[in-house]
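The values are calculated or read from the model by the stated rules, or taken from the named source; none is laboratory data. Keep in mind the model is a prediction, meaning the values are calculated, not measured. Cβ sites come from the backbone with ideal geometry, for glycine too, and all protein chains shown count toward neighbours. Note: areas computed on protein heavy atoms with side chains; ligands, DNA, RNA excluded. Shrake-Rupley method; radii C 1.70, N 1.55, O 1.52, S 1.80 Å.
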Amino acid sequence: KILGPNFTESYCWPPVARGCDVVAISYEGNNPFLYIPPVLTFLQSGSCYKALPNRNGPLALILCPGWKKAQLVFELLKTYERCSRQLHPMLIILGQNKEETRSVKIQGCEVIVTTPYSLLRLFEHHNLLFCRLCHLVLDEIEVLFSDATEQVFTILDCYKKAIITEEREYSPHQIIAVGTCWNKHIARLIKEFMNDPYIVITATEEAPIYGNVQQVVQLCTNSERTAVLLKILDFTHDNLQKVLVFTNSVNEAEMVHKALRSNSIFALKIHKESEWNFKYILEQWTKKYSSGTGVVLVLTDDCMQSLGITDATCVIHFSLPSPRIFGQRLHSMSDNFCNVIEDSSVDQECTKARSVILLTESSACHTLGILRYLQHAEAEIPPELHDFTAKMLEAEEDKKFSRPLCAYLKTFGICKNRTVCPDRHQINLQIDMPQNIPDEVTRTPACVTIIPLHIVNATNYFGRIVDKRKDEYTILAEEINEYFKKSSNKTSVKNVEKLAFYGLCEKTLFHRVQVVEISPKEEENLFFNVKIKYIDEGRTSQVPSYQLLHLPARFQCLPPQAVEFVVCRVKPIDNEIEWNPKVTHYINHKIKGKLHEAKIVYTLGNTAWVDPMVRVTRLTDLKMSINEYNVRSEILSTGLGADNPEHITELQKL
């Protein structure tokens with residue numbers, strides 16, 4: 001089902017299939033197809049591996065930033081391995097349970113897919129893991145280096161030691177690193193661990209970061225821009241300066257060009273309405289000029305491609321574009337980018353190419369994107385810009401005020417990606433007033449009996465608070481089931497309405513449900529599916545509309561009973577942001593449908609945070625109770641959970 005390599009793949013596949021070291025930075029750098037087909041191709045040639053020691057151990061190791069990505073890569077390998085010789089790939093995700101790690105068997109496996117933390121745990125008990133390793137793939141390199149820098153370099157050191165032995169002299173050695181962003185650690189990866197690598201960068205704004213382009217920010221008002229530009233163009237360098245001044249419109253280009261000419265600066269101009277043609281401009285641009293002189297070209301973005309300039313020494317952004325166009329502007333200096341492989345001074349100041357941004361009050365729409373880019377490029381940022389963007393970020397957060405509260409904030413106390421997260425990260429009193437939670441519970445931290453009915457993940461569940469004295473829901477549920485036992489009461493609904501309440505039979509039980517979504521396309525059909533929510537359990541489902549039953553008003557009086565419960569002070573190991581399905585499955589099996597005692601420490605909206613949550617068994621004969629288990633302790637015992645002491649503190653701040 002592959003039509004052929006796309007733009008980036010057509011540059012990556014040949015060197016990877018030849019066994020070369022490759023770094024690829026691309027907008028689709030998180031797609032495993034950048035390396036899977038050529039790696040599988042190389043692995044077909046069994047003769048390359050004859051010189052390897054005759055032991056157990058993989059030929060290829062794919063390091064992924066988390067269990068979810070590792071799962072995806074493993075599934076792809078299983079699919080496309082059908083076209084190749086049997087490689088017996090293994091997906092290895094290990095927690096802190098040492099017995100589980102010791103029991104892993106890698107005999108006959110030629111490709112391992114794992115994470116940096118899992119690999120190092122495996123290496124503790126399988127010290128010959130690297131003895132046959134030829135291909136090391138680093139998937140989403142920028143995430144690996146930001147979340148597990150130390151672990152990745154430890155693995156690279158182990159690999160380097162393994163391949164310098166005499167018996168490995170004639171076997172393949174290959175490191176492949178793919179990602180969406182350049183990262184400062186990639187320079188060290190190239191210099192210390194790679195051999196004459198191919199560097200493929202198709203994400204234009206990442207190339208200047210690789211090329212160590214100096215970024216300068218000049219804050220000024222709109223009226224000051226021309227004066228600031230003239231000051232920048234006061235050439236003091238001994239070298240020839242070739243400067244591009246980018247503007248956003250024809251009028252702006254004309255105005256800037258006129259200002260430069262009136263200040264005796266030799267300047268060219270080009271835009272779609274200009275009388276000068278591209279040939280003339282390029283002749284002037286490529287003329288030989290004496291050192292210490294400067295040639296300045298004022299232009300609009302739509303002329304970039306036709307000119308094809310790559311030897312500028314300085315780019316001045318008189319007006320700001322979007323981040324992607326910003327990267328294309330900087331590409332005009334690509335001949336002057338520093339080369340990580342050849343330039344030993346890349347860690348020091350390397351100022352062959354310079355980018356100057358004139359930031360004004362009218363640049364606000366692109367300021368956030370440019371600030372993120374400057375932070376990514378580790379440029380010096382004026383304090384005023386930080387203050388300005390802090391206000392902008394605040395304004396962006398205010399736009400999310402009607403959104404649900406961020407799930408990561410609720411579950412772990414922090415959200416790692418606030419700027420791109422679509423949900424809110426502040427309290428909205430209208431939405432966050434307690435719902436479906438008894439008043440006496442919200443006034444003071446209280447111990448309650450809860451029953452989890454729908455397990456979202458290891459720490460998030462929907463269920464009910466059970467009143468030990470008189471549980472109104474139990475009485476209601478009995479009445480509903482008694483009512484629908486009579487066939488005459490099972491009246492199908494003809495006109496289904498969004499947000500209306502209905503009855504629904506599931507196996508032998510009847511539930512109260514609410515319609516949350518009707519697809520516009522389906523409304524026209526006689527029978528169609530609707531998305532419903534079980535208002536007393538919290539789960540959602542798709543059901544045929546004809547299964548919905550008329551629910552008498554007396555059964556709708558009791559408010560929805562489903563409450564979201566979050567277990568506090570525990571998070572996934574290894575900087576993961578999602579729970580491994582193994583833990584969720586274990587907890588689901590352990591707690592679903594069982595009564596638990598829980599202390600509610602905070603409530604917001606329909607969410608209650610519990611600490612602790614304990615399964616209590618009452619021994620009526622002995623008139624005593626025993627704690628069977630603590631849910632948080634059970635999660636930690638799987639080896640896939642870690643202590644999160646800041647959780648409650650962060651919630652308190654919120």
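Roughly how large, in nm² to one decimal, is the mean projection of the convex hull of the alpha-carbon atoms in region 173-257?
Answer in nm², one decimal: 8.9.
The alpha carbon centroids of region 472-486 and region 616-631 are separated by 30 Å. Of the residues ASN529, ALA608, ALA17, the one whose Cα sits farthest toward the positive end of the charge dipole of the chain, with +1 on the Cβ of Lys and Arg and -1 on the Cβ of Asp and Glu, is ASN529. With the charge dipole of the chain set up from +1 on Lys and Arg Cβ and -1 on Asp and Glu Cβ about the Cα centre, the Cα lying farthest toward the positive end among the listed residues VAL631, LEU307, VAL256 is that of VAL631. Seen from PRO321, the other residues with C-beta closer than 10 Å to its C-beta sum to a net charge of +1, counting Lys and Arg as +1 and Asp and Glu as -1.
What is the magnitude of the charge dipole of region 304-423 about its Cα centre, with +1 placed on the Cβ of each Lys and Arg, -1 on the Cβ of each Asp and Glu, and no other charges, expressed in debye to the nearest 20?
The dipole of region 304-423 has a size of about 640 debye.
Only helices enter the 222 nm calculation for the chain: every DSSP H run of n ≥ 4 contributes -39,500 (n - 2.57), and dividing by all residues gives -9000 deg cm²/dmol, rounded to 500.
Among 56-63, 303-310, 574-581, the peptide with the highest mean count of other Cβ atoms within 10 Å heads the list, and the full ranking is 56-63, 574-581, 303-310. Ligands, DNA and RNA left out, the 1.4 Å accessible surface of region 353-455 is 56% carbon and sulfur atoms. Qualifying GluC sites (Glu not before Pro) in region 396-498, where qualification requires a DSSP coil assignment and no more than 14 other C-beta atoms within 10 Å, comprise GLU497.
A convex hull fitted to the Cα coordinates of region 472-544 yields 96 cubic angstrom per residue.
Using a cut-off of 18 Å between alpha-carbon atoms, which aspartates and glutamates can reach LYS486, once sequence neighbours fewer than 8 places away in the same chain are excluded? Hits, sequence-local ones excluded: GLU478, GLU506.
If you take all other residues with their beta carbon under 12 Å from the beta carbon of GLY463, and give Lys and Arg +1 and Asp and Glu -1, the sum is +1. Under the classification rounded if a/c is under 1.5, otherwise prolate if a/b is larger than b/c and oblate if not, where does region 549-618 fall, given a ≥ b ≥ c as square roots of the Cα gyration tensor eigenvalues? Prolate, since a/c reaches 1.5 and a/b exceeds b/c.
The mean of 1/r over all distinct Cα pairs in region 7-203, once inverted, gives the Kirkwood hydrodynamic radius of 16.7 Å. Along each principal axis, taking the top coordinate minus the bottom one, the Cα set of the chain gives 100, 69, 51 Å in descending order. Once you reduce region 34-49 and region 273-309 to the center of their Cα atoms, the two points are 46 Å from each other.
Dipole magnitude for the chain: about 1800 debye, using +1 per Lys or Arg Cβ and -1 per Asp or Glu Cβ, origin at the Cα centre. When the charge dipole of the chain is built from unit charges on Cβ atoms (+1 for Lys and Arg, -1 for Asp and Glu) and taken about the Cα centre, the candidate among SER541, LEU77, ILE36 whose Cα reaches farthest toward its positive end is SER541. The listed residues VAL601, VAL631 rank as VAL601, VAL631 when sorted by accessible area, largest first, using a 1.4 Å probe. With the largest listed first and rounded to whole Å, the semi-axes of the equivalent ellipsoid of region 9-73 from the Cα gyration tensor are 23, 17, 9.
Considering Cα pairs under 8 angstrom that are at least six residues apart, work out the relative contact order of region 7-203 and quote it in whole percent. Answer for region 7-203 is 36 percent. What is the distance in Å between the Cα centroid of region 61-100 and that of region 515-582? Between the Cα centres of region 61-100 and region 515-582 lies a distance of 33 Å.
Roll a 1.4 angstrom probe over the protein heavy atoms and tell me the percent of accessible area of region 472-544 that is carbon or sulfur.
With neighbouring chains kept in place, the figure for region 472-544 is 49 percent.
Got a number for carbon plus sulfur as a percent of region 554-616's accessible area, 1.4 Å probe? Solvent-exposed carbon and sulfur of region 554-616 make up 54 percent of the total. Excluding ligands, DNA and RNA, the accessible surface per residue across the chain is 50 Å² with a 1.4 Å probe. Peptides 555-566, 134-145, 642-653, ordered by how many other C-beta atoms sit within 10 Å of their residues on average, highest first, read 134-145, 555-566, 642-653. Taking amide hydrogens as placed 1.01 Å from N in the peptide plane, the amide H of VAL530 sits under 5 Å from those of VAL543, SER545, each at least 5 positions away in sequence or on another chain. For the chain, the relative contact order works out to 11 percent when only alpha carbon pairs closer than 8 Å and six or more residues apart are counted.
In the chain, the longest principal axis of the Cα atoms and the axis of helix 581-591 are about 20 degrees apart. DSSP beta bridges fully contained in the chain are about 45 percent antiparallel. Coupling constants for region 70-78 follow from the phi torsions by the Karplus curve (6.51 cos²θ - 1.76 cosθ + 1.60, θ = phi - 60°), and in residue order they are 4, 4, 4, 4, 4, 4, 5, 4, 4 Hz; glycine and proline get x. Accessible surface for ASP234 stands near 100 Å², nearest 10, in the context of the full protein assembly shown (1.4 Å probe).
Work out, step by step, the length gained on full extension between HIS88 and SER519: first 0.36 nm times the residue separation, then minus their alpha carbon distance; give nm to one decimal. Write down the numbers at each step before the final one.
On the way: separation 431, 0.36 × 431 = 155.16 nm, distance 4.37 nm.
That pair, HIS88 and SER519, stretches by 150.8 nm at full extension.
Computed from backbone phi with θ = phi - 60° and the Karplus coefficients 6.51, -1.76 and 1.60, the 3J(HN,Hα) list for region 491-500 is 9, 5, 8, 8, 10, 7, 10, 5, 6, 7 Hz; x is used for glycine and proline. Relative to the longest principal axis of the Cα atoms of the chain, the long axis of helix 472-484 lies at roughly 80 degrees.
Highest mean first, the peptides 531-544, 71-84 sorted by other C-beta atoms within 10 Å per residue fall in the order 531-544, 71-84. Residues whose amide H falls under 5 Å from that of VAL616, counting only those 5 or more places apart or on a different chain, are GLU597, GLU628, with hydrogens built in the peptide plane. For the chain, the longest principal axis of the Cα atoms and the long axis of helix 7-17 meet at an angle of about 90 degrees.
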